[in-house]
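What follows is a short report on a single structure.
The values are calculated or read from the model by the stated rules, or taken from the named source; none is laboratory data. No experiment lies behind these values; they were computed from the predicted model shown. Every residue, glycine as well, gets a Cβ built from its backbone with ideal geometry; the counts of neighbours run over all protein chains shown.
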Amino acid sequence: MENDDLTEQQLQHQTEMLTRRLPIARAALEKIAKGQWAPEILKIARDALNTLETLNALDALKVFYRKMSAQEYEHSVAERKTAIASTALETIANAETDPGVRKLARETLEEFSVLSDGEKFKGFFLGVQQDEPILTTPLNGSAGKPAWGRCGYGTRMPLLVVSPFAKRNHVDHTLTDQTSVLRFIEDNWSLGRIGGGSTDAIAGRLNGLFDFDDSASARKLILDPATGTVINKDSE
């Protein structure tokens, strides 16, 4: 993807990821440059470090002449520096030289991969949009005035339900808060509301996240108490 196709937020994210990799690369190259390795290995590391120190001049001129924005400049420098360091480390990792320096280079490149390769973690994370707080009027407490410290909703946060009765592959869009859990307990056991300005009185319900009528599948999951492995699982 070209920089022109990136939003400012995406460009900033990529710049941050690249910037996180640079200190790791620099530390590895500096360690190699000071080591007792073959002359060609020392030259690769030292040349890369020298280039990292002198790379900014051309891009700085582009910013001065307004050929690129400051954000594009930061991204360009980080991208080129990371490429130079990665190329040097890859060359060392594949060189026919001391196994110790090859191991150091390969471990650094593997650490790069963990930092940048989102595909390795695809499906493991839930993306949540951060937006402006929702302004609400606090409920009155026992004194007839808004309860102390209750100022309405803050920024959006995820609510993840883990239960054998949770709906599968389902996203519920009901507005909920922390007291929605309390309201669910109160309703389930007919306990009534707390009162005194507690927001359980107006909290969104969690009922839409569950399917208690799915009697066809008991969804029992029995684990071995010693190993934790599944020893019996009802068909879904």
Taking only pairs six or more apart or across chains, which ones have beta-carbon atoms under 7 Å, a first residue in the range 174-197 that is part of a loop (DSSP other than H, G, I, E, B), and a second residue that is exposed (fewer than 12 other Cβ atoms within 10 Å of the Cβ) and among the small types (Gly, Ala, Ser)? 196/142
Tally up the residues in the range 92-137 that are in a loop (DSSP other than H, G, I, E, B), aliphatic (A, V, I, L, M) and at pLDDT below 85, please. 4
From the list 22, 89, 55, 18, which one is at pLDDT 85 or above and either assigned by TED's automatic domain parsing to the domain that holds residue 110 or touching a Pro at 6+ places or on another chain (Cβ under 7 Å) (or both)? 89
Hits in the range 73-83 - residues which are among the aliphatic types (A, V, I, L, M) and crowded, with 19+ Cβ neighbours inside 10 Å: 77, 78
